[in-house]
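Have a look at the structure below, then the notes.
FYI, it's all coordinate maths here, none of it is from the lab. Everything numeric in this text was worked out from a predicted model, so none of it was measured. Cβ atoms come from the backbone with ideal geometry, glycine included; neighbour counts cover every protein chain shown.
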Amino acid sequence: MSKIVTLQQSIMAEDERFAAAIRESNERRGLLMVNMIGSPGCGKTTILERTAQSSGLSFGVIEGDLATNRDAERLDRLGVPVVQVNTHGGCHLEANVIEKAMESLPLDSLDVLFVENVGNLVCPAEFDLGEDFKAALLSTPEGADKPLKYPYLFSSSKVVLLTKVDLLPYLPFDMKMFSEDVKKLNPEAPVIPMNGMTGEGVEEWTKLLREKIREKKAHAR
Ligand SMILES: Nc1nc2c(ncn2[C@@H]2O[C@H](COP(=O)(O)OP(=O)(O)O)[C@@H](O)[C@H]2O)c(=O)[nH]1
Ligand SMILES: [Mg+2]
Ligand SMILES: [Zn+2]
């Protein structure tokens, strides 16, 4: 038993070194990196598509999925530089894989690098990829109770994207409870309501990204 614990610690420590190296190289470039985390189907790729269509930002994407390159194809069709990582059953992305994937992206010409993590509210939140911040996504059909049930993701993210707000009229989604719970976990994090069908919320999301990009570039070494 103690052997297993030791092994896990050494893997985590090694991964922290990769994350630190990524952070360091992004700092040098002034490249913002955002780790997008939410359940399968919550609308992560749709938001990236909408961001490509209307933000005017130059961004690249690392797509994490168990299998297929479907999400990468969706973004490639929009002219977004994208690398697909298949985890073959792995339920989160790790920094060593991100470092490899970054080698295939034109990092010097990007304002922001998004990682679409494997669909999962649990462990993706715990692995540092060297990102500047995490964005927690929750879609309205998943239920307003989820922030308190998966507290670490919501407490450790810089922004919460509430997706599929077009479905609210058909759902018993308790917005008051949702907002209060998110506030309890993370008083500073803005909640952006988003509708991938119309693009609602993309402007606010872009504004937040532009602020963070500006800060990042200002501190580039
Ligand atoms: N009604 C509605 N459907 C959405 C919205 N965003 C995404 N979808 C749909 O939800 C499904 C999953 O979206 P996708 O972006 O692939 O989710 P991902 O697995 O988190 O990347 C697709 O069928 C989308 O068309 C939204 O805001 N409203
Ligand atoms: Mg996706
Ligand atoms: Zn995992």
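Along the principal axes of its C-alpha atoms, what lengths does segment 147-212 span, in descending order and rounded to whole Å?
Dimensions of segment 147-212 along the principal axes of its Cα atoms: 35, 29, 16 Å.
Run the numbers on the chain and let me know its relative contact order in percent, using alpha-carbon pairs under 8 Å that are six or more apart.
26
If the reach is capped at under 26 angstrom between alpha carbons, list the lysines near LYS164, excluding any in the same chain fewer than eight residues apart.
Those lysines meeting the cut-off are LYS44, LYS134, LYS146, LYS149, LYS176, LYS183, LYS184, LYS207, LYS212.
Any chance you could tell me what percent of the C-alpha pair distances in segment 81-155 go past 13 Å?
Cα-Cα pairs of segment 81-155 separated by over 13 Å account for 70 percent.
Rounded to the nearest 5, what is the percent of antiparallel bridges among the DSSP beta bridges in the chain?
5
Along the positive direction of the dipole of the chain (beta-carbon charges: Lys, Arg +1; Asp, Glu -1; about the Cα centre), which of LEU75, LEU32, CYS91 reaches farthest?
LEU32
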